[in-house]
Amino acid sequence: MDKMLVIGPVPPPIHGESLAVHSVIKSDLLNRNYHISLINTNKLNVTNAGKFSIGKVLKDIKILQQVFANVFMRKKDICYISISQTRLGLLRDLVIILLCSLRSKKIIAHLHGNNLGNVIDKMSQCERTLVKNIFKKIDSGIVLGNGLKNNFKGFTKSIKVVANGVDGNYITDEELNSKEKDTEFIDIVYLSNLLESKGYQYLIEAVASLIEEGENVRLTLAGAIFNQEKFDMIWNTVKDRRLEERIKHLGVVDGIKKKQLLLSSDIMVLPTNYPIEGQPVSIIEGMAAGLPIIATKRGSIPDLITNNGILIETGSTHLVKKTLSSLINNPKEIKNMSKNSRENFLNNFTLEKNIKKIQVVISDSEGEIRRIEKSINSN
């Protein structure tokens, strides 16, 4: 059985990339086929990603020491790296890839976002040349959607598309069919970190305006606050308008609480302008709950939203309010999008399909690929 070294972040803290890497190391399928070991690259403070600090340098030195020990002293056949999307992180990952290439049979670089290409473009000519030469040692690069392939700049041997996934049994048909819903209100959910670039402030203002115009809507936001001062400024407007009973912030939710929140909601909104948006797992969780999705055309979000929601050009109060207003006044459309969202999830975005596709990329065997793809299609 081949030995596989996974290099990437796992929770805490919770974010899309750390959840995706966690699902890889905990996968029954992959653990049946490989001896998996992990080097955790997560940092407790992700608010200053890409900025220099002595602490980060020391952390990266420790990571490189762990890679060296695993590759040279306890040889690993496969290196699977969740590649960084910051300049400093990428420079560290280039050293990791180089070390892995000296002793490993295969290197897989998985990109969980859409900023790698931007980082490479902003590098010096010398750094870009280094990226080009070292990326040639990557056997397969993985991206979340077809529109994200250019992030690798054509430097790797091949690019594969593997969409994010959520456990197919995360929310069951029985739970959906038996959920109890307050029919007096349309409940809107925002499930993401509270960064201004994620557009939560636009959603708050849009819903507040709709409430004041007489619409029976409520908004629940769930996610970590990244800038307390700016959040407080925004939240004070909710208090001043006496809308705290209709607009709530729960903080970070997970497990049963997250499921209950999704099952008690009618529409999910993510008006993100986040510059490195990839393919938010929260949207897939919303699809699992059969929610219509309103989101922007960022990253690989358009791969998730077809007949199960509405794509807007950019996150803004005007567009969010206009789109919400059209949807909440069309119950039939909400019902159709809800059905389509659930079907789209089950057909394309379960964790089981995600892991099988990663297995396809890792195995790189035509017979194995055909067998697994047949299994994927049969499900």
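Tabulated data
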{"read-out": "Exposure proxy order (Cβ contacts within 10 Å, fewest to most) of Ile97, Ile283", "value": "Ile97, Ile283"}
{"read-out": "Cys residues of the chain counted as unpaired, since no other Cys beta-carbon is under 4.7 Å", "value": "Cys126"}
{"read-out": "Average projected area [Cα convex hull, the range 173-348], square nanometres", "value": "9.4 nm²"}
{"read-out": "Contact order relative to length of the chain, as percent, for alpha carbon pairs under 8 angstrom and 6 or more apart", "value": "14 percent"}
{"read-out": "Choice from Ala224, Ala109, Ala163 with maximal GNM fluctuation in the chain (Cα, 10 Å cutoff)", "value": "Ala224"}
{"read-out": "Assigned charges on the beta-carbon of Lys, Arg, Asp, Glu; the range 173-348 dipole about Cα centre (debye)", "value": "120 debye"}
{"read-out": "Enclosed volume per residue, in Å³, of the convex hull spanned by Cα atoms of the range 2-165", "value": "108 Å³"}
{"read-out": "Within a Gaussian network of the chain (alpha carbon springs, distance under 10 Å), most fluctuating of Leu144, Leu195, Leu99", "value": "Leu99"}
{"read-out": "Per-residue [θ]222 nm for the chain (sum of -39500 (n - 2.57) over DSSP H runs n ≥ 4, rounded to 500)", "value": "-13500 deg cm²/dmol"}
{"read-out": "Segment Glu212-Asn33, length gained on full extension (0.36 nm per residue, minus Cα span)", "value": "58.7 nm"}
{"read-out": "Gaussian network model of the chain, springs between alpha carbon atoms under 10 Å - residue of Lys339, Lys105, Lys137 with greatest fluctuation", "value": "Lys105"}
{"read-out": "Extension gain, Glu174 back to Leu91 (0.36 nm per residue minus Cα-Cα distance, nm)", "value": "25.1 nm"}
{"read-out": "Segment Lys105-Met123, extension gain: residue separation times 0.36 nm, minus the distance between their alpha carbons", "value": "3.6 nm"}
{"read-out": "Stokes-Einstein D in µm²/s, Kirkwood radius over Cα pairs - the chain at 4 °C with 1.567 mPa s viscosity", "value": "59 µm²/s"}
{"read-out": "FRET efficiency estimate (nearest 0.05) - Cβ-Cβ, Asn273 to Ser158, R0 30 angstrom", "value": "0.45"}
{"read-out": "Virtual spin-label span in nm between Thr183 and Lys248, 7 Å along Cα→Cβ", "value": "2.2 nm"}
{"read-out": "Rounded to the nearest 20 debye, dipole of the range 2-165 from Cβ charges on Lys, Arg, Asp, Glu", "value": "360 debye"}
{"read-out": "Separation of the Leu64 and Met1 label points, Cα + 7 Å toward Cβ, nm", "value": "3.3 nm"}
{"read-out": "Entries of Lys258/Lys335; Lys258/Lys356; Lys56/Lys105; Lys132/Lys357; Lys3/Lys353; Lys160/Lys258 with Cα pairs more than 24 Å apart", "value": "Lys258/Lys356; Lys56/Lys105; Lys132/Lys357; Lys160/Lys258"}
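Bear in mind that the values in this text are calculations on the coordinates, not laboratory data. Since the model is a prediction, treat every value here as computed from it, not as a measurement. Every residue, glycine among them, receives a Cβ derived from its backbone with ideal geometry; neighbour counts consider all protein chains shown.
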